[in-house]
Each structure stands twice: as structure tokens, then as C-alpha cells.
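I have placed the structure first, in the form of C-alpha cells, so that the comments after it can refer back to it.
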Amino acid sequence: MSRTIEEIVDLGDRTYRVLIGRGARHRTAELLPTGAARVAVVTQAGVPESLIPDFPGREVSLHRIGAGEEHKTLATVQTLTEGFAEAGLTRSDVVVAVGGGLVTDVAGFAASAYHRGIAVVHVATTLLAMVDAAIGGKTGVNLPQGKNLVGAFWQPAAVVCDTESLDSLGERETRCGNGEMAKYHFIVPGDLSVLPIDERVARCVRIKADIVSADEREGGLRALLNYGHTLAHALEIVTDHSLAHGEAVALGLLYAAHLGQVTGRIGAARVDDHYAVVHDLYGLRVPLPNGLDFAVLLETMKRDKKAIEGLTFVLDSPQGLEVVHGVADADALAAWDAFCARIAQ
Ligand SMILES: NC(=O)c1ccc[n+]([C@@H]2O[C@H](COP(=O)([O-])OP(=O)(O)OC[C@H]3O[C@@H](n4cnc5c(N)ncnc54)[C@H](O)[C@@H]3O)[C@@H](O)[C@H]2O)c1
Ligand SMILES: [Zn+2]
């Protein structure tokens, strides 16, 4: 096992450790609550079995959920919690989620509700789960009416990011994780691109951990994690999710850079920085889907659940990222034109 990096999510008496590194999963057992006699492992068929840690001396039950957003439902939570009850899990036992963001979101929510809340430890196996989903305590499932509409804030007792998991990750999943990772380059100053993968994951975890510690329930600062997401969400909706989330975020980051320039907040060199990270460093040259109508995208962005006052974006500035309400339609359109022209080059 190579060196394991440790980060802390500081939340008072709910503070927890995040272990990052190749082979880090072999240390999961030491992170479990000491009184936990039973471990319910929640995972998915697509997650390699070799990524499930061993828990010597504890009674382990295995619970597999389906893959794909259509399985991120209350029905899955019902099946899971019935499985926990059959396995005899008590309030002092623990759920261990082994998988990507779907598994950590569903298992985390099931843990938050079972016995009115039992401990959960996340073993993140996708890049997206490592740098985003497994950190910060947002859990939940989808309803037919929308994504993540039922959920809870339920902080894990610990998180493990074993970067060996990334070896088996498919190309699209890797791209999606890279889309979120690219976002972190703009949240705090400093060059992430020079860091080896373990340290880069750790740095992203650190950034998210600091934001979550300061603003657990998204009163303000946590919204900065949505950089690139206003256009991304609209693109996902209008393309009926033919663009994956991270791919849409890659486009959304570039568009946000142009909008930052159009509104006079950043200069051309900073826009170039965005292209250097998204296109060159992460290779996220995502083509714009054909036939997009900006008027439709604009309306969709205005309906975004985070758009409280008109068109809301996170935008770059010399002081760093800021939430900007009431962006003018004309600026949004001018940025779109500049973005389309540049991306077609
Ligand atoms: N809670 C949060 O703060 C938060 C943040 C971002 C995203 N999310 C949620 O995360 C979900 C997306 O997560 P995701 O991108 O990790 O996708 P995912 O969990 O759906 O995983 C994608 C696929 O990769 C497979 N897989 C997982 N690990 C693997 C490995 N090591 N090797 C090979 N295959 C592997 C899975 O079985 C699955 O088929 C969405 O539901 C999203 O809403 C939550
Ligand atoms: Zn995202």
C-alpha cells in the first residue's frame, strides 16, 4: 500500500476522517465505530468485488442495489432497510457503502432513516464520489418529479477514497469525475494540475471539506460548488440526459468563464485558463449537442431550483468565485455566442 493521505471534515462532534490513497480501502475496518458488531455492506453489481474491504471479527451482510438513476428510489431504500432488519442491524451497527455517488447517496439515506439514523462509512469507488458525492453529508433519492427530491443531511462517520478503484473505471465515468475535478481548479487559487492523482483527490476533498465545515446546509458558501452547474443542469435537461453530468459541467465551466468576461469580471487570460484546464489538462473536449436553442436553455436556467432571483450563476472574479443573481439575458446571450464561436474552433 502506498502512503495514505488523511483529511478531516471538521463538524464539531460529527467531525470525520477521509483516507485517500492506493489500497486505502484495507484500512476501512479501523474507521468503523468501535461498538459496531454488524456491518451491512451496500454495493452494486458493477462495482468490482475486490473493492469491498474485509471486516474481521464482525458479522457482515451484503446488500446489492441496481445500477442507474432509475434505481435511486424510495423502493430501493425500502428493500435495503428491510435487508438491514433481516440482518439484525441495531442502532449501534454500521452501514458501509462501497460504490459511486449513487450507492453513497442511497446507502447514506437508508442509514439516516434506519432506526432513526445509524452510522454510515463511505468507500468511494468512482472519481466523482471521491471528490464530491461521498463528502459533505448530502444523501437522497429521486422522485418521478425530480432528482434528489427526498433526502437528508447525514454525515458519514468516515470516508475512504481508494484510488486503486480508478483503474477499473469506465471512460465515461472517468470523464464525469474529471468534470467535477476541473471545477475545483477555480474554487481556490493554486495549481492542482501539477499534483499526482492521490494528492489531487486529497486537495479536492480538502476544498469541499472546508466549504462544508463553513456552510453545512448551503446557506451561502457551499453554493460555490455549483460553479459551471447552471448551464450544465439546463443542458442535461434539454438533451434528456444524453450528456452525462460531468460532461455538461465541463461545458458549463467554459460558458461561465465567457459570462465572467462578458460581465467584465475577468479578462481573456482567465478565460484561457478555463480552456487550459478543461480541454488540455482533463481532455474534456465535449462537443455541443446539435440543435440547441439558447432561448430554451435560458428559460430552463431561470427555472433552476437554485435561481432564487432571476438568472443566477456562480461567476469568477479577481477575488474568486461569487454567486451572482439577476444576470441580464443580453449578457447570457453574448456569452453564449462567444462560447459557441470559440468551441467551434
Ligand atoms: N451527495 C452529493 O453531494 C452528490 C454530489 C454529486 C453527485 N451525486 C450523485 O452521485 C451520482 C453519480 O455518481 P457516480 O458518477 O459515481 O455514478 P454511479 O454511482 O452511478 O456509478 C457509475 C457506474 O460506475 C460503476 N462503478 C463504480 N465504481 C466502479 C469501479 N471502481 N470500477 C468500475 N465500475 C465502477 C457503477 O456500478 C455504475 O455502473 C448521482 O446520483 C448524483 O446525484 C451526489
Ligand atoms: Zn456536479
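No value in this document is a laboratory result; all are computed from the given coordinates. Just so you know, these numbers come straight off a predicted model, no measurement behind them. Neighbour counts run over all protein chains shown; Cβ positions are idealised from the backbone, glycine included.
Please arrange VAL98, VAL60, VAL9 by how many other C-beta atoms lie within 10 Å of their C-beta, fewest to most.
Details: VAL98 28, VAL60 15, VAL9 24.
Ascending number of Cβ neighbours within 10 Å: VAL60, VAL9, VAL98.
At a Förster distance of 41 Å, what's the computed FRET efficiency of ALA330 paired with GLU82, Cβ-Cβ distance as r, to 0.05? Provide the component values of the computation, followed by the final result.
Values: r = 55 Å, r/R0 = 1.33.
Taking R0 as 41 Å, the efficiency between ALA330 and GLU82 is 0.15.
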Correct response: the longest run of the chain lacking exposed trypsin sites (Lys or Arg not before Pro), defined by DSSP loop and at most 15 other Cβ within 10 Å, is 92-216
Scaled by the rule-of-thumb 2.2 N^0.38 Å, the alpha carbon Rg for the stretch 243-345 gives a ratio of 1.02
Note to self: C-alpha centroids of the stretch 1-50 and the stretch 175-238 sit apart, in Å, by 21 Å
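What list do you get for THR263, THR239 if you sort them by fewest beta carbons within 10 Å?
By the 10 Å Cβ count, ascending: THR239, THR263.
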Rounded to the nearest 10, the angle in degrees between the Cα long axis of helix 101-113 and the longest principal axis of the Cα atoms of the chain comes to 50 degrees
Relative contact order as a percentage, the chain, C-alpha pairs under 8 Å and 6+ apart, gives 15 percent
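What full-extension length gain, to one decimal in nm, is calculated for ARG303 and LEU74 as 0.36 nm per residue of separation minus the Cα-Cα distance? Let's see the in-between values first.
On the way: separation 229, 0.36 × 229 = 82.44 nm, distance 2.53 nm.
Net length gain for the segment: 79.9 nm.
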Across the alpha-carbon set of the chain, Rg over Rh with Rh taken as the Kirkwood radius works out to 0.98
Over the Cα atoms of the stretch 57-184 the radius of gyration and the largest Cα-Cα distance (Dmax), both in Å, equal 14.3, 44
Stokes-Einstein, Kirkwood over Cα pairs, the stretch 151-302, 25 °C, 0.890 mPa s; D in µm²/s equals 147 µm²/s
Extension length gain for ALA37 and ASP273 (0.36 nm per residue less Cα distance), in nm, is 79.9 nm
Extension length gain for ILE197 and PHE153 (0.36 nm per residue less Cα distance), in nm, is 13.0 nm
Quick calc, the chain, dipole around Cα centre from Cβ unit charges on Lys, Arg (+) and Asp, Glu (-), nearest 20 debye, gives 480 debye
Restricting to lysines and to Cα separations under 23 Å from LYS302, and discarding same-chain partners fewer than 8 apart, the set is LYS147, LYS183
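Sort MET130, MET301, MET181 so that the residue with the fewest other Cβ atoms within 10 Å of its own Cβ comes first and the one with the most comes last.
On the way: MET130 32, MET301 23, MET181 26.
If I rank by nearby Cβ atoms, fewest first, I get MET301, MET181, MET130.
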